[in-house]
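Data first, discussion second: the structure below is written as structure tokens.
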Amino acid sequence: MNQLGFPLVSLVLWLPTLGALALLFVPRDNVATQRMLAFGVALVTFLVSLPLLFAFNFGISSFQFVDSIPWMQSLGIGYRVSVDGVSLWFVLLTTFMTPLAMVMTWDTVRQNFRTFQLLLLLLESGVIGVFAAQDMFLFYIFFEFTLVPTALLIGMYGGPDRVRAATKAFLYPFAASLFMLLGIIGIYLAHGQQTGTYTFDMAQILASRGFSATPGATGQPTLLLTPTVERLLFGTFFIAFAVKMPLWPFHTWLVLAHEQASSDGSVDVLALLMKLGGYGFIRYNIQLFPEVSRWAAPVIGVLAVIQILYAAWCAFAQTDIKRLLAYSSISHLGFAALGMFALNELGVSGAVFQMISSGLVTGGLFFAAGMIYARRGTRDVTELSGLWKVTPVLGGLTLALVFASIGLPGLSGFIGEYTIMQGAWLSTALGWRFVALAAIGTILAAAYFLHMYQRSFMGDVTPPNANLVDLTPREIGILGALLVVILGIGVYPNFMLGPMQPTMQQIAQVLGSAVAAVTP
Amino acid sequence: MSNLTWIILLIPAFPLLGFLVNTFFIRDERTAGRVASGAVILAFVMALLSIAVLQAQPEPAEGGRRIDYILWEWISVGSFRVPFGFLFDHLTAVMALLVTGVGAIIHVYSIGYMHGDVRQVRFFAYLNLFIFSMLMLIMGDNMLLLFLGWEGVGLCSFLLIGHYFDRRSVQPGINPSGAAVKAFVVNRVGDVGMLLAMAAIFSRLGSLSFYNQDPMLDGRIVPGFLAHVNDIAFAQLDLGAFGTIGIATAICLLILLGVTGKSAQVPLFVWLPDAMAGPTPVSALIHAATMVTSGVYLIARVQPLFQASPTAAGWVVTIGVLTALLAALAAVAQFDIKRVLAYSTISQLGYMIVAVGMGAVSAGMFHLLTHGIFKALLFLAAGSVIHGAHDHQDMRRMGGLRTKMPTTYWTYLVGALALAGIFPFAGFWSKDEIISYAWFNGGRPVGAILLIFASMITAFYMGRQIALIFFGQQRDTTYTPHESGQIITVPLIILAVGAVIGGLINFPGLHWLSDFLHPVFATPGAPPVDETYTLGQGILAVVTTLLAAASGYAGWYLYTHGAVARRVRIGQPDPLYRYNGDIWTGAEIGWGFDWFYDHAIVRPYRTASRFLSDVYDRQGIDGTLVDGTGRLMGRAAESLRGAQTGFIRNYVLIFLVGVVLMVGYFALS
Amino acid sequence: MVPTNYFVILSAILFTVGVIGVLTRRNALVVFMSVELMLNSANLALVAFAQARQSLTGQILVFFVITVAAAEVAVGLALLVAIFRSRRTLDVDEVSTLRG
């Protein structure tokens, strides 16, 4: 049993699913009850997830709040869920964004509202499951499960090309994660053969690798892999997460999915921005295979730099705001990848911070794009003009989000970018050349975002844009809540970085010895 | 007294409060102006009180009183620890007085100037946010917090240049939203230099804090990097094919890149002339008196770094001299009243950069202060002229305003004389100090001569401007000029007094400012430098001022008397154009930097981005690689699907054959 | 006592008849009857072996087969009726929309 004596993580994990089941009993026509029920469940999930933060023991690096139930004992599969200093923030991000996304859908989804809410709740459960799963088998199940509601949400409620987008958003990551399944089975078998215990438990496997997360228990590694096997296993995980995250050049499905996903931004935020791939990189590739990570880091660093610049460059040419945001999110993730494979405490912390921040900031911008679409019926910047004058509140809030995304110090985006650059500079795997190129990305970010803002929000008001109404209090609430958090963790980032530290130090310690072993 | 150190927090707190109140609560235009002005005046008072508190601090052993107030740890990951702390020393004090003092005057002026304008509440909120950011810039006790202010003022600059974002163009033919974006993006180019410089400083010196910090909140001590600069004085960085470069030089050059962006130096000055799209008080406050000087402040603050790298210091001086000259020449060829002043600002910033580059920090700060006063005066007076001339900014439409707007005329004249460096106005003392330092102490006589030349051009274009605006006949008679009201003229008079007596603060022989700043820059324990005024310096000063006066008179005479003056017509090129031709055009367009960037960077970038996104990404990666894989699978399936005939008996037959084979296999094996 | 061989041979003959019926006939009803024939040939073999080995297992299995066959008849005939209603034919070659 865990430190609370209460299955809190499981509660957070399954509450949305229960809500989804409850939704089935609400009559199809009773939209008001459906709204309140779905939103209420999401809100309660968020409130229930807050104690995770308050009760979190900041002093230890291992998995906390572990709920462990034997499931398929003969195969070593258990229902094991928990959080540590890294996954805690991803879980909180998910539970925080879901109620906001729910509210966004109230005005935009006209048909099959109940199904939409139901799928969103299932999606939330799936995403939380990915972050909370401590058992690799469970992780794989949740990882694949998230694709189902995602594909359905895009395919049923998306834009004109939704079916193609949904197919691609399902098949591409799905095919890639099959490689990961091979990798998981590979580790499972290797572990079983060498130690005699067949298990999918991450904590146990890490301990066998000699990377124990429990302090003091760092014993001799009992699971030894040959370099070739290790690289192959690393590769299987890499393919899955590189597509999911996505890394350049595996990013195209994401752009199409963002473009076609429902206009209000709820699906973008919950399904596509949740950084499952980035989390997987830290949890599996880096934690399980530090030496291979060091070996692959320069190559991945090059990919990351290409990604930062390439995505920013592509974003400049976009006229659809959602496509632009998709490229912007890819560019942010390039920074995150650079930080992770800096393989030091600063870089990995910065990467986690950057992914959370990008989820909030880009998420907010997707909401803003949804609000524009709800008023104007288009997201094409060539048709928008002078919106700041017509809808000053929307303009002001969007501008704040834009600057957060550009990386204005004091808002969250800057903290991630700077710590990543500093980490990469100090890294023995990367070095200053990578940073010098990546830093150009910050210029390009300013260029494409402000170019977009100038064209759509500034300039004279053209007749079709003249009679738009400004934001409702509800919409102000959504963007306002996001901005408060963005400003909060921008001014006091230690709120997040502090609790992460023990886990990060543990990762950094393992990485440090691995890097020292590999570096000539 | 010494326990009152928290008072320094109030300096930025009031403008921040003003910003918040104006943003969220105030909807009434007059109240907004009063709240904003009140906040800045209070900040000014707090700055004065803080100086008193600072002087009451016990003198530490290593010299240099400073207050360092840490609120919380901003970022702390492993050994990377950056406090959210405020620094208040003598350098900060001087800057804070300028920012809040001139800021307060301009706020009050704005109440009158912006009366009847659009979006006033927002305007005042942004102004307060700017003052707050600027104070963060000068009060940050580490590079990262300084960078917060650095980017913050960039944000405010963006917002205020874009004040008329809903107009397609404002005088003289600038698109405000485009100018705002341009300002931010060009500044971003410089900021990359800052980012990389910070990363390099931390990785080599292990800290981003300027000075050793008192034990932080948890008792650990964060060292300051400026004290350890000598550790890297001889370290080299391998650049591969480009040879090697000293670490200190590399860091300084990166900082210099940031400075060229924010302080509008060659080659990144292009955003400043366009920044005149903002309202005139904004041009006075942000784009003349305060924000653009932050580069000077930065070089002054990290002076030990530049002292460790003579190469980089040489670059700084070169850039400064080049800027001073090019911008002064460009100012001659402008017709827009504000553009003249904009190029003049760039040119004067060049002087300051030269000064701090040579290590003459107090001279640089002296010029920064006097320039802040008289350039603010000039811009505000220009605003008064524009107001009186019914929003015309083209000097060809003015003329003879001397009699219609006497107060404005006299104050403008004082500002112009101060800018031109005529004895005994403020600009004379500060400019002379820089030139004479370059000649006698800095060992850069060529630079000094070029600066004297630039100073002559400065006097010339100011003479030309005075002549065009205030003398001769009114060339456009479609409007009746009038003098502005008291809320505009009183700030002008206050600033004019400052422009007259401003030289006193570092009067040769008295050098109060140098003494005041001394503890910040001097090596610990060294006595104040005894600057005796030599005869040579005196002669140089006399020569400089005479040359300036002569060329200023020439500029005035040329445009008030004779053939040249008569040929100034609305919409026609300047009479001097026919004698200079392309050179004149070059000066008019700011030496073609804009044209070059547009053709060499912006357009290729735009074209390439379309290609990258629509062809390479969509057809190449997505179309060929991703969908290609899908199509390959499709093809393979195509050839296999023939087996699915749709006739049951075929299936059954295959099934049977399979059964027979399997049974056979098991039976025979 | 009839030797088990005979039953097995009869069962094989019946099964072969069923297979040939499935493979050659085009009327769905006849195909269906052939399938039933194959099932019953298997039943015959099961019963024969059960008798020979004096074990009840085979007999029980036959009950299961008969039950399944009955269920299959119910579903299969329903399908045939449905096909006939929509297609007006019971020719299995006509019903080949699943062709690749």
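We did not get these values from a lab; they are worked out from the coordinates using the rules stated. Remember, it's a predicted structure, so these values are computed and weren't measured experimentally. In this analysis, Cβ positions are derived from the backbone assuming ideal geometry, glycine residues included, and neighbour counts consider all displayed protein chains.
Key figures
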read-out: Cut-off 15 Å between beta-carbons: net charge of the residues surrounding B:GLN474, Lys and Arg +1, Asp and Glu -1; value: +4
read-out: Most positive-pole-ward Cα, B:SER294, B:GLY240, B:SER283, against dipole of region B:212-307 from beta carbon charges; value: B:SER283
read-out: Chain B: calculated mean residue ellipticity at 222 nm from DSSP helix runs of at least 4, using -39500 (n - 2.57); value: -20500 deg cm²/dmol
read-out: Local electrostatic count at A:VAL352 - Lys and Arg +1, Asp and Glu -1, tallied over other residues with Cβ under 14 Å; value: -1
read-out: Cα→Cβ-extended label distance, 7 Å offset, between A:VAL31 and C:ASP91, nm; value: 5.3
read-out: Dipole magnitude of chain B, debye to nearest 20 (Cβ charges: Lys/Arg +1, Asp/Glu -1, about Cα centre); value: 1780
read-out: Average projected area [Cα convex hull, region C:1-94], square nanometres; value: 6.3
read-out: Simple label model, 7 Å out from Cα along Cβ direction - A:GLN111 to C:VAL17, nm; value: 5.7
read-out: Cut-off 15 Å between beta-carbons: net charge of the residues surrounding A:GLY210, Lys and Arg +1, Asp and Glu -1; value: -1
read-out: Selection of trypsin sites (Lys or Arg not before Pro), region C:32-98, meeting DSSP coil and at most 16 other Cβ within 10 Å; value: C:ARG88
read-out: Number of partner chain Cβ atoms within 10 Å, mean per residue of B:68-78; value: 6
read-out: Cβ-based charge dipole, region A:2-127, positive-most Cα from A:TRP71, A:ILE60, A:ASN112; value: A:ASN112
read-out: Dipole magnitude (debye, nearest 20) for the protein assembly as shown, charges at Cβ of Lys, Arg, Asp, Glu; value: 2460
read-out: Candidate aspartates and glutamates - alpha carbon under 20 Å from A:LYS389, same-chain residues fewer than 8 apart omitted; value: A:ASP380, A:ASP460, A:ASP470, A:GLU475, B:ASP28, B:GLU29, B:ASP117, B:ASP166
read-out: Residue-averaged beta-carbon neighbours from other chains (10 angstrom radius) around B:23-29; value: 0
read-out: Shielding by partners, peptide B:191-201 (average Cβ within 10 angstrom, other chains); value: 5
read-out: Distance between modelled label sites at B:ASN212 and A:ARG433, nm, 7 Å Cα→Cβ extension; value: 3.9
read-out: Nearest-20 debye value, region A:130-212 charge dipole, Cβ charges on Lys, Arg, Asp, Glu; value: 240
read-out: FRET efficiency estimate (nearest 0.05) - Cβ-Cβ, A:THR197 to A:LEU11, R0 45 angstrom; value: 0.95
read-out: DSSP-loop GluC sites (Glu not before Pro) across region B:1-91, with at most 14 other Cβ within 10 angstrom; value: B:GLU62
read-out: Dimensions in Å of region B:160-212 - Rg and Dmax from alpha carbons; value: 17.7, 51
read-out: Förster radius 35 Å - calculated FRET efficiency between B:PHE507 and B:VAL446 (Cβ-Cβ, nearest 0.05); value: 0.80
read-out: Options B:LEU195, A:THR167, B:GLY388, ranked by Cα towards positive dipole end of the protein assembly as shown, top entry (Cβ charges); value: A:THR167
